Amino acid sequence: MAELRAMATRYALLPLRIFLGLTFVYAAVDKLADAHYLAGVGDVASFYSQTRAVRSSSPVGVLLGPALHAPTFFALLIAFGELAVGLGTLFGLWGRLAALGGALISLVLALTVSWNVTPYYLGNDLAYLLAWTPLLLAGTPYLSIDGYLIRRAERDRERGLVEGQVHRRSLMDGGIAAVALGGGGLLAGSLTATFGRPKKTAAAIPGTTPAAPAPSPTAGGKASVAVSAVPVGGSAQVADPSSGDAVYIVQPKEGQFCGLSAVCTHSGCTVNAPKSGQLYCPCHGSRFDAATGAVINGPATKPLPRYTVTRNGDRLDLGPAQS
């Protein structure tokens, strides 16, 4: 019984380590395989658009300027950073450093995309930040490369090697393992980003128009699109003239038009264009009804704001938001 308790104590953090490692690897692969993530200014689901959407409400919004000036670099930095953290955690290589990286990524996300989540316990990034703390304190000494290097260093000391030699050997072998693991992760991530993403075409999302920069308001201060640009079950993106926020003009049924805000009511991210009758938020997974804006599943609890839409000949004019 004592041996079982001792073993349980040694491996108490193993489930957390496996969960965090797999989650961060999955998050990285999911980003690199997403056709929208690196799409840039013209796509409301891109890293650029999501960053711009949360900048005004984030307490570190002033620091997001470089990410908007070089969105591809910072998007890849986050994705490959998550991949490195996940692999380092899973294999137990430089576990404390990997945990520090995971905590920093979670902190950045908590201060940006999750900052406006209310109540706070619905925001998962704060939970991830705290989940990294035990690994940051304890490291990954068991069932890990770190554990192997520690045990081998002990054997080297018993053989009479001086501490400097032991340290250099551990550092060199750890570096070799990091290069091998990092090289494999970099190759896998690059292949995913190059070949794993579906090509974005107008037909990629049936019933929707390709993502594009929101049209400028007309001379009368109204946003307007052609009726032909909004197919049944599809949408066209415009900008709210008063706020500049993206709005989807949708036609859920023949001849029935309305406007739905593209800003998720959970944390302020930009939701994807309607698909299969739903609008999906890529940040935390909320789904909304594409006809009414009602919440289908959370963590969002409030519906998307609705706008009136008036048909004027062959044009659709966006009206004010409904209270």
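The values are calculated or read from the model by the stated rules, or taken from the named source; none is laboratory data. Computed from a predicted structure; not experimentally measured. Counting neighbours? That spans all protein chains shown, and the Cβs are built from the backbone with ideal geometry, glycine included. Areas reflect the complete protein model, heavy atoms only, side chains present, ligands, DNA and RNA absent. Shrake-Rupley method; radii C 1.70, N 1.55, O 1.52, S 1.80 Å.
Among residues belonging to the range 1-33 that are open to solvent by less than 40 Å² (accessible area, probe 1.4 Å) and small (Gly, Ala, Ser), point out the one that is farthest from Gly88 (Cα to Cα).
Ala33
Output yes when any residue across the range 58-76 is hydroxyl-bearing (Ser, Thr, Tyr) and farther than 16 Å from Ser106 by Cβ, and no when none is.
yes
Among the residues of the range 93-112, what is the count of those that are open to solvent by 20 Å² or more (accessible area, probe 1.4 Å) and either under 17 Å from Cys283 (Cα atoms) or outside any helix (DSSP H, G or I) (or both)?
Qualifying residue count for the region: 6.
Please determine whether any residue of the range 56-63 is in a helix (DSSP H, G or I), out of contact with any Phe, Trp or Tyr (no Cβ under 9 Å at 6 or more places or on another chain), within 21 Å of Ala103 (Cβ to Cβ) and aliphatic (A, V, I, L, M).
Yes, that holds for at least one residue.
If you take the residues in the range 51-62 that are open to solvent by 20 Å² or more (accessible area, probe 1.4 Å) and not hydroxyl-bearing (Ser, Thr, Tyr), which one is farthest from Cys264 (Cα to Cα)?
In this case the residue turns out to be Val62.
Return the residues of the range 34-46 that are of a type in the set (A, V, I, L, M, F, W, C) and open to solvent by less than 30 Å² (accessible area, probe 1.4 Å); say none if nothing qualifies.
Listed by number, the residues that qualify are Ala35, Val44, Ala45.
Looking at the range 64-83, is at least one residue under 25 Å from Leu260 (Cα atoms) and either modelled with pLDDT under 85 or of a type in the set (D, E, K, R) (or both)?
Within the range 64-83, not a single residue is under 25 Å from Leu260 (Cα atoms) and either modelled with pLDDT under 85 or of a type in the set (D, E, K, R) (or both).
Could you tell me which of the residues Leu129, Leu100 is closer than 28 Å to Leu171 by Cβ and out of contact with any Gly (no Cβ under 8 Å at 6 or more places or on another chain)?
On inspection, the qualifying residue turns out to be Leu100.
Pairs only if they're at least six apart or on different chains, beta carbon under 8 angstrom, first in the range 16-44 and assigned to a helix (DSSP H, G or I), second of a type in the set (D, E, K, R); list them, first residue then second.
Between residues of the range 16-44 that are assigned to a helix (DSSP H, G or I) and residues that are of a type in the set (D, E, K, R), the close pairs are Phe24/Glu82; Val25/Glu82; Ala27/Glu82; Ala28/Glu82; Lys31/Glu82; Leu32/Arg197; Ala33/Arg197.
Looking only at the range 113-126, filter to residues that are in contact with a Gly (Cβ under 8 Å, 6 or more places away or on another chain) and not hydrophobic (A, V, I, L, M, F, W, C); which one of those is surrounded by the fewest Cβ atoms within 10 Å (Cβ to Cβ)?
Taking the candidates together, the pick is Asn116.
Quick check on my filter: what residues within the range 117-172 are among the charged types (D, E, K, R) and assigned to a helix (DSSP H, G or I)?
Passing the criteria: Asp125, Asp146, Arg151, Arg152, Glu154, Arg155, Asp156, Arg157, Glu158, Glu163, Arg168, Arg169.
Looking at (1) surrounded by 15 or more Cβ atoms within 10 Å (Cβ to Cβ); (2) at pLDDT 80 or above; (3) not hydroxyl-bearing (Ser, Thr, Tyr), which is the only condition Leu187 fails?
The failed condition is (1).
Residue check, Lys302 against (1) in contact (Cβ under 8 Å) with a residue 24 or more places away in the chain; (2) farther than 14 Å from Ser267 by Cα, all met but one. Which one?
The failed condition is (2).
Exactly one condition in (1) under 19 Å from Asp240 (Cα atoms); (2) without any contact (Cβ under 8 Å) to a residue 12 or more places away in the chain is not met by Arg311; state its number.
Checking Arg311 against (1) under 19 Å from Asp240 (Cα atoms); (2) without any contact (Cβ under 8 Å) to a residue 12 or more places away in the chain, the one that fails is (2).
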